[in-house]
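> Got a structure here, written out as structure tokens. Questions coming.
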Amino acid sequence: MSKQAAVKNQETQVAAPPALSPQEILRYSRHLIMPEVAMEGQLKLKAAKVLLIGTGGLGAPLGLYLAAAGVGRLGLVDFDAVDFTNLQRQVTFSTADVGRSKIEAARERLQALNPDIEIVTHETKLTSDNALAILRNYDIIVDGTDNFPTRYLVNDACVLLGKPNVYGSIFRFEGQATVFALKDGPCYRCLYPEPPPPGLVPSCAEGGVLGVLPGIIGSLQAMETIKLIIGKGEVLKGRLLVFDALKMRFRELKLRKNPDCPACGTHRTVTKLIDYYEFCGVRGEEAPVTVPVPEIEPRELKAWLDRGDDVFILDVREPHEYQICQIGGHLIPLGELPRRVHELDSARTIVAHCRLGQRSAQAVDFLRKAGFRKVWNLKGGILAWSDQVDPTVPKY
Amino acid sequence: MPVRVLIPTPLRQYAGKQEALEFEAGTVGELLERLVTEHADLRRHLYTEEGKLRSFVNVYVNDEDIRYLEKEQTPLKASDVVSIVPSIAGGKAGNRK
């Protein structure tokens, strides 16, 4: 049976698929006894080369399940280090990994899970210069990135190379999943021809994300990847799955191939990789939209307060952030400032702050336009205050 | 004839934190106009300054993209559900580097 399957598989694979060792047969026995996978499917998994772009929230279940399933060569692309705030959802990593290279920590974890597979690490930022060379060596690309420039880069590279792009994306408690760039199927640009301008869509760093959500969406991507490899079932081609975790509801939307798509349409204009940061209107990830306003360094504010100066601290964060930590400011969330501006005395010196200084810059700009003269933005927000003045203020 | 429109998570903050709203409307264009009239902050997120629907915001009537129906002239009936589906990029989510 196994020999027959292997022979049959040789017709579709360039290289002869290696046979399974007795230990592998035991490891994959729950796959092997399923007619939908069986020896044929398991050998396809073993011969498969899958590239995971990003080893974070989506990458965690992807890496774990694809390694466990026996995908023969698993490529990982990332360049970050493990951070404490990652542990709430990036379940590949343990507390002891904080500060380590993500790709090293992931390689170690996945190799420990399955020593029989090959893990190839690409510790680099994926760019227009290296994307084709990296992606070329894999059969299936799985997009687990967190920013628009890389998503368009991955899409265009997949279309140019004719490789499927298993897509997943999340925000707070909502997720999307589909498979792009299959033969005759739509690509990411068919769905969204252009990215949003920077600043218009809040990032996950601002919006937060429920830790289980990337687990669910990443698992869906892992499932679609395995189906593509074993050639069974119906993959999410031409269908966009939209998931709302709060309602626990999946919806399916039709996704059509756009004949005018610049990447995969009949008159293609994307014939090579471009500068995706320029395309997305950003230089660097999620470049903040900053308003130029007078700023004060945390240490200077501390000096003012120590001197006993009359300073009114205005906290423009949300109430749930105020509950995490605060520095004695008067709380008026940015969105409520216009109708609550009467609570402020324009004769006093006001220092506005938020978490990082972007929302409070908008508040200072608003107040100055409303006629306030002695108003300053705390540079770097409460996080900088914690770093530079009072480390007992928790960071989040 | 009221038609339901689903507001996606990233845009709820501009729509009174509501997840769904209902408006009297005969076409998708009428429905969206009612929506951004009632929730003015939403307008710049859905429309360009020239009044065109933004290309990273997709609108569906039930499960079909209006670009493949009659766009904003797509007629609506009471049982229809309109969804706004913007592009989201998160994945590694929350990484503050």
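The values are calculated or read from the model by the stated rules, or taken from the named source; none is laboratory data. Worth saying up front: this structure is predicted, and the values here are computed from it rather than measured. For neighbour counting, all protein chains shown are included, and Cβ atoms are generated from backbone atoms with ideal geometry for every residue, glycine included.
> Assuming residue A:380 fulfils every condition listed in (1) within 34 Å of the chain's Cα centre (by Cα); (2) crowded, with 19+ Cβ neighbours inside 10 Å apart from one, which condition is it?
Condition not satisfied by residue A:380: (2).
> Working carefully through the options B:38, B:49, find the one that is loosely packed, with under 15 Cβ neighbours inside 10 Å, of a type outside the set (Ser, Thr, Tyr) and within 12 Å of chain A (Cβ to nearest Cβ). Reasoning before the result, please.
On the way: B:38 fails: within 12 Å of chain A (Cβ to nearest Cβ).
Answer to the selection: B:49.
> Just for strands (runs of 3 or more DSSP E) wholly inside segment A:24-135: which have at least 2 residues that are surrounded by fewer than 18 Cβ atoms within 10 Å (Cβ to Cβ)?
Those strands (runs of 3 or more DSSP E) span A:118-122.
> Considering only segment A:217-224, I want to know if a residue exists there that is away from chain B (no Cβ under 14 Å) and closer than 29 Å to residue B:82 by Cβ. Spell out the reasoning first.
To start, the set of residues in segment A:217-224 that are away from chain B (no Cβ under 14 Å) comprises A:223-224.
Filter once more, so that each one left must be closer than 29 Å to residue B:82 by Cβ: A:224.
Within segment A:217-224, one or more residues are away from chain B (no Cβ under 14 Å) and closer than 29 Å to residue B:82 by Cβ.
> Still on this structure: Looking at A:123, A:118, which is the one that is away from chain B (no Cβ under 14 Å) and in contact with a Gly (Cβ under 9 Å, 6 or more places away or on another chain)?
Values: A:123 fails: in contact with a Gly (Cβ under 9 Å, 6 or more places away or on another chain).
Just one listed residue meets the conditions, A:118.
> Further question: For the condition out of contact with any Cys (no Cβ under 8 Å at 6 or more places or on another chain) and in a loop (DSSP other than H, G, I, E, B), what is the one hit in A:368, A:339, A:355, A:359? Before the answer, list the steps.
Working: A:368 fails: in a loop (DSSP other than H, G, I, E, B); A:339 fails: in a loop (DSSP other than H, G, I, E, B); A:359 fails: in a loop (DSSP other than H, G, I, E, B).
Selected residue: A:355, the only one of A:368, A:339, A:355, A:359 that is out of contact with any Cys (no Cβ under 8 Å at 6 or more places or on another chain) and in a loop (DSSP other than H, G, I, E, B).
> Something else now. Looking at A:222, A:263, which is the one that is surrounded by 17 or more Cβ atoms within 10 Å (Cβ to Cβ) and in contact with an Asp or Glu (Cβ under 7 Å, 6 or more places away or on another chain)? Can you show your working first?
On the way: A:222 fails: in contact with an Asp or Glu (Cβ under 7 Å, 6 or more places away or on another chain).
Step by step, each of A:222, A:263 is checked, and only A:263 is surrounded by 17 or more Cβ atoms within 10 Å (Cβ to Cβ) and in contact with an Asp or Glu (Cβ under 7 Å, 6 or more places away or on another chain).
> Using the structure shown, decide if residue A:176 is assigned to a helix (DSSP H, G or I) and within 12 Å of chain B (Cβ to nearest Cβ).
Details: assigned to a helix (DSSP H, G or I): no; within 12 Å of chain B (Cβ to nearest Cβ): yes.
It is false that residue A:176 is assigned to a helix (DSSP H, G or I) and within 12 Å of chain B (Cβ to nearest Cβ).
> Same structure, new question: Report, by residue number, each residue of segment B:2-19 that is aliphatic (A, V, I, L, M) and out of contact with any Leu (no Cβ under 8 Å at 6 or more places or on another chain). Talk me through it step by step, then tell me what you get.
Taking segment B:2-19 first, the residues aliphatic (A, V, I, L, M) are B:3, B:5-7, B:11, B:15.
Within segment B:2-19, just B:6 meets the criteria.
> Can we say residue A:332 is of a type outside the set (S, T, N, Q) and over 19 Å from residue A:294 (Cα atoms)? Step through it out loud before you land on a result.
Details: of a type outside the set (S, T, N, Q): yes; over 19 Å from residue A:294 (Cα atoms): yes.
Answer is yes for this residue.
> List every residue pair whose Cβ atoms sit under 8 Å apart, with the two residues 6 or more apart in sequence or on different chains, where the first one lies in segment A:347-373 and is in contact (Cβ under 8 Å) with a residue 12 or more places away in the chain and the second, anywhere, is of a type in the set (Ser, Thr, Tyr) and buried (at least 18 other Cβ atoms within 10 Å of the Cβ).
A:352/A:360; A:353/A:360; A:354/A:360
> Among the candidates A:43, A:58, A:64, single out the residue that is within 14 Å of chain B (Cβ to nearest Cβ) and hydrophobic (A, V, I, L, M, F, W, C). So that I can check it myself, show each step before the final result.
Values: A:43 fails: within 14 Å of chain B (Cβ to nearest Cβ); A:64 fails: within 14 Å of chain B (Cβ to nearest Cβ).
On inspection, the qualifying residue turns out to be A:58.
> Next question, about the same structure. Can you tell me which condition residue A:247 does not meet? The list is (1) surrounded by fewer than 18 Cβ atoms within 10 Å (Cβ to Cβ); (2) more than 9 Å from chain B (Cβ to nearest Cβ); (3) not small (Gly, Ala, Ser), and all the others hold.
Only one criterion is unmet by residue A:247, namely (2).
> Moving on. Let me spell it out: the conditions are (1) assigned to a helix (DSSP H, G or I); (2) at the interface with another protein chain (Cβ under 10 Å from one of its Cβ atoms); (3) not small (Gly, Ala, Ser), and residue B:58 meets all of them except one. Which number is the exception?
All conditions are met except number (1).
> Tally the residues that are in contact with a Phe, Trp or Tyr (Cβ under 9 Å, 6 or more places away or on another chain), hydrophobic (A, V, I, L, M, F, W, C) and free of Cβ contacts under 8 Å to residues at least 60 places away in the same chain, restricting the search to segment B:1-34.
Qualifying residue count, segment B:1-34: 2.
> Which members of segment A:298-352 meet the condition of being hydroxyl-bearing (Ser, Thr, Tyr) and farther than 18 Å from residue A:364 by Cβ?
Restricting attention to segment A:298-352, the residues satisfying the condition of being hydroxyl-bearing (Ser, Thr, Tyr) are A:322, A:346, A:349.
A:322 - this is the single residue of segment A:298-352 that is hydroxyl-bearing (Ser, Thr, Tyr) and farther than 18 Å from residue A:364 by Cβ.
> Tell me which residues, restricted to segment B:18-35, are within 12 Å of chain A (Cβ to nearest Cβ), outside any loop (DSSP other than H, G, I, E, B) and of a type outside the set (A, V, I, L, M, F, W, C). First the steps, then the outcome.
Filtering segment B:18-35 for residues within 12 Å of chain A (Cβ to nearest Cβ) gives B:19-20.
With the extra rule that they be outside any loop (DSSP other than H, G, I, E, B), the set shrinks to B:20.
Correct list: empty.
> Across segment A:158-172, what is the number of residues that are surrounded by fewer than 24 Cβ atoms within 10 Å (Cβ to Cβ) and assigned to a helix (DSSP H, G or I)?
Adding up the residues that qualify gives 3.
> Next question. Please go through segment B:65-75 and give me each residue that is within 12 Å of another protein chain (Cβ to nearest Cβ), farther than 18 Å from residue B:7 by Cβ and not hydroxyl-bearing (Ser, Thr, Tyr), ordered by number.
Let us first name the residues in segment B:65-75 that are within 12 Å of another protein chain (Cβ to nearest Cβ), namely B:65-69.
Narrowing the set further to residues that are farther than 18 Å from residue B:7 by Cβ leaves B:67-69.
Those that are within 12 Å of another protein chain (Cβ to nearest Cβ), farther than 18 Å from residue B:7 by Cβ and not hydroxyl-bearing (Ser, Thr, Tyr): B:67, B:69.
> Take segment A:136-151 and flag every residue that is within 21 Å of residue B:90 (Cβ to Cβ) and either surrounded by fewer than 24 Cβ atoms within 10 Å (Cβ to Cβ) or more than 12 Å from chain B (Cβ to nearest Cβ) (or both).
Restricting attention to segment A:136-151, the residues satisfying the condition of being within 21 Å of residue B:90 (Cβ to Cβ) are A:141-151.
Within segment A:136-151, just A:141 meets the criteria.
> From B:15, B:78, which residue is within 25 Å of residue A:208 (Cα to Cα) and either more than 14 Å from every other protein chain (Cβ to nearest Cβ) or assigned to a loop (DSSP other than H, G, I, E, B) (or both)? Reasoning before the result, please.
On the way: B:78 fails: within 25 Å of residue A:208 (Cα to Cα).
Residue meeting the stated conditions: B:15.
> Can you go through A:214, A:193, A:197 and tell me which one is modelled with pLDDT under 95 and facing another protein chain (nearest Cβ under 7 Å)?
On the way: A:214 fails: modelled with pLDDT under 95; A:197 fails: facing another protein chain (nearest Cβ under 7 Å).
Answer to the check: A:193.
> Check residue A:145 against each of (1) touching a residue at least 60 places away in the same chain (Cβ under 8 Å); (2) in a strand (DSSP E or B) and name the one condition it does not meet.
(2)
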